[in-house]
Every structure is written in structure tokens, then in C-alpha cells.
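The values are calculated or read from the model by the stated rules, or taken from the named source; none is laboratory data. Worth saying up front: this structure is predicted, and the values here are computed from it rather than measured. Here the Cβ positions follow ideal geometry from the backbone for every residue, glycine too, while neighbour counts run over all protein chains shown. All accessible areas refer to the heavy atoms of the entire protein, side chains included, with ligands and DNA or RNA removed. Shrake-Rupley method; radii C 1.70, N 1.55, O 1.52, S 1.80 Å.
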Amino acid sequence: MRRIQGVASHLLRGRGTCSGSGGLVVPTTLLKAEEGCFASSTAIPVVQQHNNNNNNRLLLPQVSLYHHSSSSNGSSSDGVPLRRWSSPPSSLYAARYTGGAASVGFAGAVSFSVAASSSVYAKEPISPDFLPKDVILYQYEACPFCNKVKAFLDYYDIPYKVVEVNPISKKEIKWSDYKKVPILMVDGQQMVDSSEIIDKLGHKFHPEKSVDSVPTDDNEENKWRKWVDNHLVHILSPNIYRTTSEALESFDYITSHGNFSFVERITAKYAGAAAMYFVSKNLKKKYNITDERAALYEAAETWVDALDGREFLGGSRPNLGDLAVFGVLRPIRYLRSGRDMVEHTRIGEWYTRMEKAVGESSRMKP
């Protein structure tokens with residue numbers, strides 16, 4: 001039980017760094033909302049989520065302590081305007097879209113638009129001279145920051161291998177001084193921190209883009225990338241553990257696809273679900289979230305407003321802002337919170353376009 005107890009703490013700290021303190025014994029690998037996910041042995045339980053779906057898309061509920069930070073002027077820490085709702089505005093969205101293609105949630109999976117376009121979106125090409133030869137991602141399947149990196153690699157069709165880190169022993173990253181995930185090895189070079197990984201790969205693939213002269217459009221791109229890291233990810237945990245049934249749904253998904261032993265899997269599923277249900281309530285209080293669903297819907301609508309009628313934030317094709325939002329939402333899309341988000345906001349059509357633009361996973365099969 002003490003080993004499982006260690007797992008519980010490493011999903012529990014903020015900003016992608018997962019650890020925690022307090023009682024119980026469950027993996028908490030993905031629970032902090034700071035960059036990077038790590039495990040430590042303290043006691044508040046939170047199990048980490050891992051998952052692969054049939055197309056090797058990595059879509060798991062993330063277990064990070066996402067925080068909801070806003071300033072007194074009604075904006076997030078990145079200056080993004082926030083709406084204030086006391087309850088999910090489903091009637092508002094229904095009224096807005098009665099005449100068009102409605103986004104609907106289906107019971108078994110999130111559906112992203114009844115009238116989905118059949119368009120094929122051209123990807124930004126990379127010169128073969130700049131493509132890495134060997135890429136290995138050390139990850140937790142549910143980690144939002146790991147999913148951000150995977151969205152980038154998938155979009156650019158960069159083949160990569162995945163090493164699923166056991167949230168309890170972490171033996172897969174014993175060789176590294178850096179004890180969080182994601183860790184990306186690119187032709188023998190270690191890269192850490194999802195945003196830094198993406199920046200470094202972006203400069204490697206497009207060296208013609210000067211770091212010193214950032215175009216105006218890139219300022220918008222960077223603003224929304226920061227919004228994802230500093231705001232969006234912090235809303236997810238209170239949503240996927242909102243009720244006891246949702247917490248159990250999340251942990252069933254996590255433990256079915258994570259790197260757990262049989263005993264760890266059973267313990268994590270039930271103890272983790274129960275623990276995270278209560279942890280999510282504390283998070284709501286800590287980060288002043290009145291209604292977690294309203295906060296999720298607000299974030300989705302804020303993102304759609306940022307698109308301002310464009311197919312993507314990047315215009316006719318996704319930029320790094322699009323990939324960041326898409327990446328962190330991937331883990332929740334088959335959960336009830338993801339289905340609700342699509343049903344009650346306008347984000348579904350954009351998500352469908354992103355799925356088509358990103359295409360099939362470039363993850364290499366073992």
C-alpha cells in the first residue's frame with residue numbers, strides 16, 4: 001500500500017507537476033497543473049490516467065490539479081476576457097444554434113458536429129533535412145502536457161516511440177535527472193517541458209523563422225498558448241471528477257490503459273476515484289470555481305470567440321495555439337465532461353476540423 005500511496009501524490013500538484021500530500025493511497029501522477037508530471041510519495045490520492053484508443057490517439061482524462069486563475073478585472077492572468085456564469089448556459093447555446101449545424105454529444109464518445117465538413121487540410125511541410133531520425137516520448141497517457149507534445153508530433157507527421165512511465169516506480173526514467181514528464185529524446189538529445197519542447201522543435205523544423213523578429217500573428221499565438229498552460233488545463237480536473245460516477249468513469253479509463261500492475265490497477269480505480277472526488281471539491285474552493293461545468297463552457301466559448309470566424313487560430317491551417325488547445329482537450333473527449341462541453345458550446349466544429357488537420361497519430365507501434 002505504501003507504494004500505491006506514492007502514486008497518489010504524484011498526480012496531485014498544480015501546473016503539470018504531479019505530487020501531493022495528505023492521506024490515502026493512489027497514483028497521483030498527473031495531477032498538478034504546472035508543466036511536467038511527476039510522482040512523489042505523499043498521501044493525498046489521485047490516480048494518474050493513461051490511455052490509447054483504437055487509432056493510437058492518446059485520449060485520456062488528465063489528472064492534474066488545474067487551477068482557475070482570474071484577475072479582479074474579469075480577465076485571466078494572460079489578459080483573456082472571462083465570462084461569468086453561475087450555471088451551465090445550455091439554453092443559451094441551444095438558442096444560438098437552432099438554425100445551423102449543431103454540435104451534439106453522443107453517449108459512447110464525443111461527437112463533434114452533425115454536419116462535419118469533409119475537407120482535407122494541408123499540413124505545413126517540413127524539409128526532410130530537418131526531420132529527426134529517432135524520437136522517444138516518455139509520458140503518462142493522460143498528462144495534458146504530454147498530449148500537447150503528441151498533438152505537435154502528429155500534426156507534423158514525425159514518427160515517435162512512446163515509453164509509458166509507471167507512476168509508482170518511475171523506473172522508465174530512472175536514467176534521467178529530470179523526474180517529470182514529458183521527456184522527449186530527439187536523436188539522443190533530452191528535451192523537457194512541453195512548451196519548450198515544441199519551441200525547440202519548431203525552430204529546428206523552421207530555422208528560417210527568426211526568434212528575434214516575431215510576427216504580429218505569433219503574438220496572438222503565444223498569448224493563447226500561455227492561456228492553455230495557465231488557465232485551460234486548470235479547469236479540467238474539477239470537471240472529470242465532478243461527481244462520483246464521473247470520477248469512477250475517469251479512473252476506469254485511466255487504469256484500463258495505464259502502466260499499472262493488477263493490484264495497482266484495482267486499488268487505483270476505486271481508491272483514486274473516491275479520493276479525487278473529494279480533492280476536486282477542494283480545488284473548486286481553492287481556485288474560486290463556483291460551477292466547474294460553467295467554467296469549462298466559458299473556456300470553450302472564449303476559445304471559439306478568439307477564432308473570430310476563422311477555421312483555425314492560424315487561419316487556414318492550425319498554429320501552435322490550435323495544437324495546444326487540441327492537445328489538452330484530447331484526454332477528456334470521451335468522458336462525460338467532454339461530451340457535455342461539445343453539446344453545450346460551439347467548440348465541436350473546430351475540434352472536428354482539428355482532428356482532420358492533425359490526422360492519424362504518427363506514433364510508432366511497438
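A quick yes/no check of all residues on (1) open to solvent by less than 30 Å² (accessible area, probe 1.4 Å); (2) within 24 Å of N222 (Cβ to Cβ):
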| site | (1), (2) |
| --- | --- |
| T302 | yes, yes |
| L307 | yes, yes |
| L313 | yes, yes |
| L320 | no, yes |
| F326 | yes, yes |
| R339 | no, no |
| S362 | yes, no |
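On the basis of being of a type in the set (V, I, T), buried (at least 17 other Cβ atoms within 10 Å of the Cβ) and part of a loop (DSSP other than H, G, I, E, B), does I168 make the cut?
yes
Looking only at region 246-293, which residues are closer than 21 Å to E141 by Cα and either of a type in the set (K, R) or in contact with a strand residue (DSSP E or B) (Cβ under 6 Å, 6 or more places away or on another chain) (or both)?
Result: N259, R265, K269.
Filtering region 143-165 down to residues that are charged (D, E, K, R) and not in a helix (DSSP H, G or I), which residue is surrounded by the most Cβ atoms within 10 Å (Cβ to Cβ)?
Residue satisfying both the conditions and the ranking: E164.
Got a sec? Which helices (runs of 4 or more DSSP H) wholly within region 259-366 have at least 3 residues that are in contact with an Asp or Glu (Cβ under 7 Å, 6 or more places away or on another chain)?
Correct list: 347-358.
Residue-wise test of (1) of a type outside the set (S, T, N, Q); (2) open to solvent by 70 Å² or more (accessible area, probe 1.4 Å).
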{"position": "Q190", "(1), (2)": "no, yes"}
{"position": "I197", "(1), (2)": "yes, no"}
{"position": "W224", "(1), (2)": "yes, no"}
{"position": "D229", "(1), (2)": "yes, no"}
{"position": "V233", "(1), (2)": "yes, no"}
{"position": "I240", "(1), (2)": "yes, no"}
{"position": "A247", "(1), (2)": "yes, no"}
{"position": "T255", "(1), (2)": "no, no"}
{"position": "S261", "(1), (2)": "no, no"}
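Being of a type outside the set (D, E) and either buried (at least 21 other Cβ atoms within 10 Å of the Cβ) or assigned to a loop (DSSP other than H, G, I, E, B) (or both) is the filter here, so list the residues in region 171-186 that pass it. Before you say what the answer is, go through the steps one by one.
Taking region 171-186 first, the residues of a type outside the set (D, E) are 171, 173-176, 178-186.
Matches in region 171-186: K174, W175, S176, Y178, K179, K180, V181, P182, I183, L184.
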